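**Student:** Attaching a single structure in structure tokens format; questions to follow.
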Amino acid sequence: MTADFTTLVYAADAGIATITLNRPESLNTIVPPMPDELAAAVERAVRDTAVKVIVLRGAGRAFCAGFDFGDGFHHWDDLLYTDGTWDPGKEFIAASSPTLGWVPKFMSLWHSPKPVIAQVHGWCVGGGSEMALCADIVLMSDDAVIGTPYSRMWGCHHAGMWVYRLGLAKAKELALTGGALTGKQAEEIGLINHAVPFDQLEQLTHDLCRRLLTIPLNQLTAMKLVVNQAYANMGLGSTQLVGSLLDGMLRNTPEALEFIDYAESEGVPAAVARRDGPFGDYSQGERPNPKHVVDVKPPWA
């Protein structure tokens, strides 16, 4: 295992590279430099000739609870703000850049020539769900929660995978409501591949890795590429560009700014409780089991 990242841990053993998001005290919420480190870790796995499969997971009680907005998103001041005020020109440059925005960093999972498995437990919401769904195969614990609460306030689909992994009916319903899904429900509608009880999740991930390891890498790369290219032909890239631009705009509407002001004055729990109250989910609904904890060291390493 390597300790040269600050927001994640990288390990490689027996053909499997494991990238573990490692901010467990904050439910692995996304702050700089996590997107950059994610892309760097994927590149390391791609360059390692001994690696054939990549696993993405989260340490502690959650896979990833989305972007950290506890301080009003000021973690990203250098990228998005000028003199303390949101700069739409800066955000436009970042959103349309293949190197500055977070979507290209998440998409390093999609573009990796080696297959990527996301192992999801606990919370997988907002930007965390966007990240996980960029993987090739998504495995979840059946009590995990995946969803896009930003659909109600302060964001928009930006990686696009919520749209491309679902049929029209469910994609539109979830885009409009931001409804929370358990792992079991996500499997039933085809958003993810498999959902199993938490105590079977790591074994399921390892078993799948071992099967993939028996296949030549050139076969894996070719089969991944042909599927990816089909979605590229369907306009995935342009959807991501539009989504990223809308995401920035929707974080700076009068309603969104009031939401952040309220979070700063009353606390994030109060703000999300007000947001989720009419729907009875996320902060106001059934939560993943806090005893379901993933160790930062993968059992197969």
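The values are calculated or read from the model by the stated rules, or taken from the named source; none is laboratory data. Every value quoted in this text rests on a predicted model; they were computed, and no experiment measured them. Here the Cβ positions follow ideal geometry from the backbone for every residue, glycine too, while neighbour counts run over all protein chains shown. Calculation scope for accessible area: heavy atoms of the full protein, side chains included, ligands and nucleic acids excluded. Shrake-Rupley method; radii C 1.70, N 1.55, O 1.52, S 1.80 Å.
**Student:** What FRET efficiency do you get for HIS74 and ALA273 if R0 is 25 Å and r is their Cβ-Cβ distance, rounded to the nearest 0.05?
**Tutor:** Given R0 = 25 Å and the Cβ-Cβ separation, E is 0.65.
**Student:** Would you list the P(r) distribution for segment 177-256, with all Cα-Cα distances sorted into 10 Å bins from 0 and each bin expressed as a whole %?
**Tutor:** 13, 23, 35, 23, 5, 0
**Student:** How large is the accessible surface per residue of segment 77-213, computed with a 1.4 Å probe and reported in Å² as a whole number?
**Tutor:** With all protein chains present, segment 77-213 gives 38 Å² per residue.
**Student:** With a 1.4 Å probe and every protein chain kept in, tell me what percent of the accessible surface of segment 1-109 is carbon plus sulfur.
**Tutor:** Of all accessible area on segment 1-109, carbon and sulfur atoms account for 56 percent.
**Student:** Calculate the spin-label point distance for THR6 paired with ASP261, positioning each point 7 Å from the Cα along the beta-carbon direction, and give it in nanometres.
**Tutor:** Roughly 3.2 nm, to one decimal.
**Student:** Another question about this same structure. Straight-line reach from LYS90: which aspartates and glutamates have a Cα under 15 Å away, not including same-chain ones fewer than 8 places off?
**Tutor:** Filter leaves ASP77, ASP78, ASP247.
**Student:** Within segment 276-290, find all residues whose amide N lies under 20 Å from a label point positioned 7 Å from the Cα of ASP199 along Cα-to-beta-carbon.
**Tutor:** It comes to 288-290, nothing else.
**Student:** Could I ask something else about it? For the charge dipole of the chain, defined by +1 on Lys and Arg C-beta atoms and -1 on Asp and Glu C-beta atoms about the Cα centroid, which residue among VAL125, ALA40, LEU246 has the Cα displaced farthest towards the positive pole?
**Tutor:** Value: ALA40.
**Student:** Still on this structure, please answer the following. What nm distance separates the two modelled labels at THR221 and TYR81, each placed 7 Å from Cα along Cα→Cβ?
**Tutor:** Distance between label points: 4.3 nm.
**Student:** Given charges of +1 on the Cβ of Lys and Arg and -1 on the Cβ of Asp and Glu, with all other atoms neutral, how large is the dipole of the chain about its Cα centre, in debye to the nearest 20?
**Tutor:** 1080
**Student:** Relative to a virtual label point 7 Å from the Cα of SER238 in the Cα→beta-carbon direction, which members of segment 154-184 show backbone nitrogen distances below 15 Å?
**Tutor:** none
**Student:** Then there's this: May I ask you to rank HIS158, HIS75 by accessible area, largest first, using a 1.4 Å probe over the protein chains only?
**Tutor:** HIS75, HIS158
**Student:** Right, here's the next one. For LYS114, list the lysines whose Cα falls under 28 Å from its own Cα; do not include residues on the same chain fewer than 8 positions away.
**Tutor:** LYS52, LYS105, LYS184, LYS224, LYS297
**Student:** Summing +1 for each Lys or Arg and -1 for each Asp or Glu, what net charge is found among the other residues whose Cβ lies under 15 Å from the Cβ of TYR150?
**Tutor:** -2
**Student:** Now for a different question. In segment 218-301, what percent of the accessible surface is made up of carbon and sulfur (1.4 Å probe, ligands and nucleic acids excluded)?
**Tutor:** Result for segment 218-301: 59 percent of the exposed heavy-atom area is carbon or sulfur.
**Student:** For ARG287 and ALA301, calculate 0.36 nm times their separation in residues minus their Cα-Cα distance, and state this gained length in nm to one decimal.
**Tutor:** Extra length from ARG287 to ALA301 when fully extended: 2.1 nm.
**Student:** Quick one: length gained pulling GLU173 to THR99 fully straight, 0.36 nm per residue minus the C-alpha distance?
**Tutor:** Here the segment from GLU173 to THR99 would lengthen by 23.5 nm.
**Student:** Round to a whole number: what % of the accessible area of segment 123-181 belongs to carbon and sulfur, probe 1.4 Å?
**Tutor:** Carbon and sulfur together cover 66 percent of it.
**Student:** What number comes out for the charge environment of ASP71, summing +1 per Lys or Arg and -1 per Asp or Glu over other residues with Cβ under 12 Å away?
**Tutor:** After counting each charged neighbour, the total is -3.
**Student:** For Cα Rg over 2.2 N^0.38 Å, the listed values are (i) 1.09; (ii) 1.00; (iii) 0.95; which was obtained by calculation from the structure presented?
**Tutor:** From the options (i) 1.09; (ii) 1.00; (iii) 0.95, the structure gives (iii).
**Student:** So, one more: Give me the log10 of I(q) over I(0) for segment 237-298 at q = 0.27 Å⁻¹, as the Debye formula computes it from C-alpha points; what are the numbers?
**Tutor:** These q points yield log10 I(q)/I(0) values of -1.02.
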